[in-house]
Amino acid sequence: MSKKIFPKNRLLIFGLFLLTLLIMVSLLASYVAPFDPNYVEVENRLNRPGGKNILGTDGYGRDIFSRIVFGARFSLSLAVLVVLINLCIGVFIGTASGFFGGAVDELTMRLVDILLAFPNIIFALLVIGILGPSIPNLVFALVALGWTNYARITRGLVLSLKEQDFIISIKAIGGGDFYIITRHVIPSIIPFLVVLATLNMGHMIMSIAALSFLGLGVQIPTPEWGSMLSEGKQFIFTHPHVIISPGLAIIIAVFAFNLLGDGLRDVLDPRTKEIIKT
């Protein structure tokens with residue numbers, strides 16, 4: 001069956017190819033980048049693409065290609081970290097809420113409804129504005145509300161699943177709650193969660209870049225795509241290559257995760273499309 005599905009799913013294959021390339025570049029940044037990302041050559045500042053500087057240099061004479069390569073490591077690792085934390089918290093809370101129901105479910109869902117009323121990026125701006133800009137505060141700000149969507153979707157999946165005949169049968173023969181949740185409920189919803197997390201990666205990369213662009217995320221001179229955009233915005237009209245390159249890196253990364261998420265959704269379970277949109 002997989003041989004019939006995967007070759008036809010070009011979105012999945014292309015997205016997986018792009019993502020694999022990005023991951024390899026980030027892991028091998030020290031070997032791929034021709035220069036130290038923070039090496040300054042004032043005499044070569046704002047060089048246009050070409051020669052030894054493939055993508056040119058920025059306002060400090062640093063090699064843009066090298067900074068984008070190392071920036072992939074920061075941007076991708078931070079996005080993965082935030083998504084994994086959100087996923088773990090959301091799945092734990094959503095599973096407990098949906099499986100046990102009652103007062104736990106009622107209180108949890110009311111809290112989720114309240115938190116979902118706040119726009120994520122605005123809330124993150126507020127949190128970082130109070131706590132101050134740093135990577136730990138950035139992660140905390142994006143996790144504070146990020147888990148809610150995972151919890152809501154997980155709860156809905158668990159509510160539907162626990163009414164299935166095989167779950168009822170396991171309960172009837174004495175299966176404990178922990179056994180049912182860990183051996184049957186969680187494994188059954190993994191395909192939906194994988195798709196949701198993959199699609200959320202693109203959004204998280206953009207959120208991290210946006211906060212760094214505003215000076216509230218990864219701080220200068222750390223090579224990160226959003227902070228590179230922030231440093232290069234002053235040259236947008238005179239030397240556009242400084243800002244175009246990190247912008248394209250963000251677009252490619254988001255595009256790769258969206259393609260992979262759409263492809264996985266179609267392969268693992270087409271119903272995921274309707275469930276995630278609800």
Practice prompt. Examine segment 204-212 for a residue that is touching a residue at least 60 places away in the same chain (Cβ under 8 Å), part of a helix (DSSP H, G or I), of a type in the set (Ser, Thr, Tyr) and surrounded by fewer than 24 Cβ atoms within 10 Å (Cβ to Cβ), and state whether such a residue exists.
Written response: yes
Worksheet item: Assuming CYS88 fulfils every condition listed in (1) modelled with pLDDT under 90; (2) closer than 30 Å to MET109 by Cα; (3) not hydroxyl-bearing (Ser, Thr, Tyr) apart from one, which condition is it?
Response: (1)
Practice prompt. Scan (1) surrounded by fewer than 19 Cβ atoms within 10 Å (Cβ to Cβ); (2) at pLDDT 90 or above; (3) under 30 Å from LEU16 (Cα atoms); (4) hydrophobic (A, V, I, L, M, F, W, C) for the single condition MET201 breaks and write down its number.
Written response: (1)
Item to complete: Hey, could you check segment 160-176 for residues that are exposed (fewer than 12 other Cβ atoms within 10 Å of the Cβ) and not aliphatic (A, V, I, L, M) and say which is modelled with the highest pLDDT?
Response: SER169
Discussion item. Checking the condition outside any loop (DSSP other than H, G, I, E, B) and farther than 23 Å from ALA210 by Cβ, which residue from PHE35, PHE70, PHE17 passes?
Written reply: PHE17
Practice prompt. Report the residue count in segment 99-126 for those that are surrounded by 16 or more Cβ atoms within 10 Å (Cβ to Cβ), farther than 14 Å from ILE208 by Cα and within 20 Å of the chain's Cα centre (by Cα).
Written response: 1
Discussion item. Suppose we keep only residues that are exposed (fewer than 15 other Cβ atoms within 10 Å of the Cβ) and not basic (Lys, Arg) within segment 222-251. Which one would you say is farthest from the chain's Cα centre (by Cα)?
Written reply: THR238
Practice prompt. Name the residue, out of PHE99, PHE140, that is part of a helix (DSSP H, G or I), in contact (Cβ under 8 Å) with a residue 40 or more places away in the chain and aromatic (Phe, Trp, Tyr).
Written response: PHE99
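The values are calculated or read from the model by the stated rules, or taken from the named source; none is laboratory data. This structure is a prediction, so every number in the text was calculated from the model and none was measured. Note that each Cβ is placed from the backbone with ideal geometry, even for glycine, and that neighbours are counted across all protein chains shown.
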